[in-house]
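In what follows, a structure is listed as structure tokens, so that the remarks can point back to it.
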């Protein structure tokens, strides 16, 4: 007697080939939210394994980098910091910039570092870069602690810094920095499945983008009009400036700049997800 198979509508999960460019099922990512949280836990735990200082590395890294910038750019190069204490200026820029770069690096290695998992079991591949985004928020919180401690120190000394209501824009700033980094990482991840050496190029590009932002100098100190325009075109410039204004009360938030940064983030996120979705169909043959 032949076995009677169930109709396709009776199955809990149906895997079908994607044929359309915009065939992206974001609802499926929500269904795998438990797996997403497990990946977040994995990302956090693996960083702390086999380390002496553990999470203190996240705490020390921005302090050491800020001190280096303080010596090189403030004491040697005499670059002004727009009335903000130098250590606070550098530490705030490094903290939000590190969040952007860690989201980018975490997403850029999605296919190459998870090829073994992707080749054995099915789940929405977008879960992996999203888990890196969420785990980096936790790391951002850890790296925010040195800034808070340094902030309290300068407040006690009477430096005049004060938070403003623009600090309420922090969720929007994290959205821009996180999704911009993740989406650029998705584009890089899609390209590196065929061109491995592209990963080396992106390291140079990210470093160049840092110098074309306001991490180590205020926008007001740039006199060259061409360089000034290039810095304005970097969406992270407006994110960093708004973060500093909210924290220290110096300068003004450019809402047009933030609108531009948000628009760029949305467009690049759309492009990154499309490229990622298109690549995941055939990446196992090229990785």
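The values are calculated or read from the model by the stated rules, or taken from the named source; none is laboratory data. All values reported here derive from a predicted model rather than from experimental measurement. When we count neighbours, we look across all protein chains shown, and the Cβ atoms used for this are built from the backbone with ideal geometry, even at glycine.
Tabulated data
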{"quantity": "Some residue of the stretch 64-84 being more than 28 Å from the chain's Cα centre (by Cα), within 29 Å of residue 247 (Cα to Cα), modelled with pLDDT of 75 or more and part of a helix (DSSP H, G or I)", "calculated": "yes"}
{"quantity": "Evaluation of residue 100 against (1) loosely packed, with under 12 Cβ neighbours inside 10 Å; (2) modelled with pLDDT of 75 or more; (3) touching a helix residue (DSSP H, G or I) at 6+ places or on another chain (Cβ under 8 Å) (one fails), failing number", "calculated": "(1)"}
{"quantity": "Entirely in the stretch 137-234, the helices (runs of 4 or more DSSP H) that have 3 or more residues that are without any contact (Cβ under 8 Å) to a residue 60 or more places away in the chain and either within 19 Å of the chain's Cα centre (by Cα) or farther than 23 Å from residue 83 by Cβ (or both)", "calculated": "198-211, 225-233"}
{"quantity": "Qualifying residue in the stretch 106-116 (condition: under 25 Å from residue 43 (Cα atoms), part of a helix (DSSP H, G or I) and modelled with pLDDT of 90 or more)", "calculated": "no"}
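Matching residues to (1) surrounded by fewer than 18 Cβ atoms within 10 Å (Cβ to Cβ); (2) touching a strand residue (DSSP E or B) at 6+ places or on another chain (Cβ under 7 Å); (3) closer than 24 Å to residue 59 by Cβ; (4) modelled with pLDDT of 85 or more:
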residue: 87; (1), (2), (3), (4): no, no, yes, yes
residue: 124; (1), (2), (3), (4): no, no, no, no
residue: 137; (1), (2), (3), (4): yes, no, yes, yes
residue: 147; (1), (2), (3), (4): no, no, yes, yes
residue: 159; (1), (2), (3), (4): yes, no, yes, no
residue: 164; (1), (2), (3), (4): yes, no, no, yes
